[in-house]
Amino acid sequence: MFNTFPIQFNYDGKRYSGLIQPLQTGLQHRIPISFQVFLNNVYYGLVRRKGLDWETDSPKCAIMVDVIGNHIYDWYE
């Protein structure tokens, strides 16, 4: 139903690029709420929308969860 899409950003002096895979686990305002994150050819973890905030199950994503979440949100705008 929802397609994988690209993501690119700089964080703390490092360039990240990869893919975001929406999961079929639920919708909030017609946007998926859970996403798998792959950055620089590595699986970084799961990012979920919780209300207006973003959360993750992964220490790799934890410091960048808002940056990743904002890119996801922008994709669906």
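Derivation of every value follows stated rules applied to the coordinates shown; laboratory data play no part. Since we're looking at a predicted model, the values are computed, not measured. Reconstructed Cβ throughout: ideal geometry from the backbone, glycine too, with neighbour counts over all protein chains shown.
Worth a mention:
- The chain, relative contact order in percent, only Cα pairs under 8 angstrom and at least six apart counted: 18
- If you run the Gaussian network model on the chain, springs between alpha carbon atoms under 10 Å, then out of Pro32, Pro22, Pro59 the most flexible one is Pro59.
- Approximate spin-label separation Val42-Lys60, in nm, with each point projected 7 Å along Cα-to-Cβ: 0.6
- Net charge of neighbours whose Cβ lies under 9 Å from the Cβ of Val47, counting Lys and Arg as +1 and Asp and Glu as -1: 0
- Only helices enter the 222 nm calculation for the chain: every DSSP H run of n ≥ 4 contributes -39,500 (n - 2.57), and dividing by all residues gives -5500 deg cm²/dmol, rounded to 500.
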